[in-house]
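Peer 1: This structure is in structure tokens; I'll ask about it shortly.
Any read-out appearing in this document is the output of simple, stated calculations on the displayed coordinates, not a laboratory observation. Please read all numbers here as calculations on a predicted model, not as lab measurements. Cβ sites come from the backbone with ideal geometry, for glycine too, and all protein chains shown count toward neighbours.
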Amino acid sequence: MKQHVALVGILYMLGGGLALLVALSLALLGVGALSLASADAARLAGRFSAVVFFSLAGVCLAWGLANVLAGRALRRWHPLARLAALVLSIVNLFILPFGTALSVYSLWVLLHDETRRLFEAGSQGAHP
């Protein structure tokens, strides 16, 4: 199960990295919408679009950072990493299709009895 936990950690970091790229692209779209807001005809639409893009970028930024940090903590066998990854897995279930696949695999690995024992042993000072 150690290899599976390591793979889940890598997958969480990769998924988080992709979410950070989405956040960057949404922020750039927000900048573009702000540039359109300077025109008289599209002022309201440009500002509204910029607010929506920047809001979505903030959500993606937070989600990406949470996934990267959880994956990093899993790879380091941090005691709370398993719990954090389980919480993220529940939300990832609704991100079709890749988040769902990651969640199913993560739940299978992290809810396994052997994995639970490995993290309990790791929290008592013994590194698995």
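Peer 1: Which helices pass in the chain if a helix is a full DSSP H run, must span at least 24 angstrom along its long axis by Cα, and must have mean Kyte-Doolittle hydropathy not below 1.0?
Peer 2: Helices meeting the span and hydropathy rule in the chain are 2-36, 43-75.
Peer 1: Positive end of the dipole of the chain, charges at C-beta (+1 Lys, Arg; -1 Asp, Glu), about the Cα centre: which of Leu74, Ser35, Val59 has its Cα farthest in that direction?
Peer 2: In the chain, that residue is Leu74.
Peer 1: Looking at region 21-128, which trypsin sites (Lys or Arg not before Pro) are in a loop (DSSP not H, G, I, E or B) and have at most 12 other Cβ atoms within 10 Å?
Peer 2: Arg76
Peer 1: Evaluate E = 1/(1 + (r/R0)^6) for Phe98 and Arg76, where r is the Cβ-Cβ distance and R0 equals 35 Å; express this FRET efficiency to the nearest 0.05.
Peer 2: 0.90
Peer 1: Here are labelled values, (i) 22.8, 84; (ii) 18.9, 65; (iii) 33.0, 91, and one is the computed Rg and Dmax of the Cα atoms in Å for what I pasted. Which one?
Peer 2: Computed from these coordinates, Rg and Dmax of the Cα atoms in Å corresponds to label (ii).
Peer 1: Does region 54-128 come out rounded, prolate or oblate by the C-alpha gyration tensor, with a ≥ b ≥ c the root eigenvalues, rounded set by a/c under 1.5 and, if not, prolate when a/b is larger than b/c and oblate if not?
Peer 2: oblate
Peer 1: Pick from Ser106, Ser38, Ser49 the residue whose mean-square fluctuation is largest in a GNM of the chain, springs joining Cα atoms under 10 Å.
Peer 2: Between Ser106, Ser38, Ser49, it is Ser38 that shows the largest mean-square fluctuation.
Peer 1: Further question on the same structure: For region 58-97, rounded, prolate or oblate, judged on the Cα gyration tensor with a ≥ b ≥ c (square roots of eigenvalues), a/c < 1.5 rounded, else prolate if a/b > b/c?
Peer 2: oblate
Peer 1: Can you grab the distance from the C-alpha centre of region 102-119 to the C-alpha centre of region 7-70, Å, no decimals?
Peer 2: The two parts, judged by their Cα centres, are 31 Å apart.
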